[in-house]
1. With Thr15, Thr44, Thr23 as the choices, which residue is under 18 Å from Ala104 (Cβ atoms), out of contact with any Phe, Trp or Tyr (no Cβ under 8 Å at 6 or more places or on another chain) and assigned to a helix (DSSP H, G or I)?
2. Scanning for something more than 25 Å from Ala2 (Cα to Cα), in contact (Cβ under 8 Å) with a residue 60 or more places away in the chain, touching a Leu at 6+ places or on another chain (Cβ under 7 Å) and not basic (Lys, Arg), does the stretch 99-121 turn up at least one residue?
3. Identify all residues within the stretch 60-83 that are part of a helix (DSSP H, G or I) and buried (at least 16 other Cβ atoms within 10 Å of the Cβ); write none if there are none.
4. Between Val94, Val43, which is of a type outside the set (Ser, Thr, Tyr), within 25 Å of Arg8 (Cβ to Cβ) and in contact (Cβ under 8 Å) with a residue 60 or more places away in the chain?
5. If a residue must be under 27 Å from Val94 (Cα atoms) and surrounded by 13 or more Cβ atoms within 10 Å (Cβ to Cβ), how many such residues does the stretch 1-35 contain?
6. Those residues that are exposed (fewer than 14 other Cβ atoms within 10 Å of the Cβ) and aromatic (Phe, Trp, Tyr), I need them from the stretch 90-111; list them, please.
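Please treat every number below as a calculation from the coordinates, not as lab data. For clarity, every value in this text was computed on a predicted model and none was experimentally measured. Please note: Cβ atoms are built from the backbone with ideal geometry, for glycine as well, and neighbour counts cover all protein chains shown.
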Amino acid sequence: MAELGKARDALVATTMHYAKVATEKPALLMLNASPLLELFGTVTVGWLLLEQATIAWPRLEALAAQKGVKLDDAAALAALCQSDDDARFYAGKVETAKFYAARAVALVASKAEVLRRSDGTELGVVL
């Protein structure tokens, strides 16, 4: 999934940015530690889901072939999933990975860009 590669690249760039910034403005790193760690979590979960989908897809293909079902036929695939627990399990793995990539992983690059643009303005607030 292209989204995961883009997210990984954005995470690496942001991490390298904060490795440099931390020596000059350590408070800025502390200010953004939670959002940065959240990005690590999102990318890691995306990778794990992709790994699961990579294992599930060929197994779903094999089950579908056994039953004479074409995976591009949504109605036939839905019927297969209704009648076969393994097919439902494997299809769920694949669809979950697609959903997470589209909804969570796709946001990583933009969130990483926001973190890289943080200039520490919040640190100047007098309390």
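1. On inspection, the qualifying residue turns out to be Thr44.
2. Among the residues of the stretch 99-121, at least one is more than 25 Å from Ala2 (Cα to Cα), in contact (Cβ under 8 Å) with a residue 60 or more places away in the chain, touching a Leu at 6+ places or on another chain (Cβ under 7 Å) and not basic (Lys, Arg), which makes the answer yes.
3. Keep residues of the stretch 60-83 that are part of a helix (DSSP H, G or I), which gives 60-67, 74-83.
Within the stretch 60-83, Leu60, Leu63, Ala64, Leu77, Leu80, Cys81 qualify.
4. Only one candidate passes the filter, namely Val43.
5. Residues meeting the conditions: 9.
6. Answer for the stretch 90-111, where residues must be exposed (fewer than 14 other Cβ atoms within 10 Å of the Cβ) and aromatic (Phe, Trp, Tyr): just Phe99.
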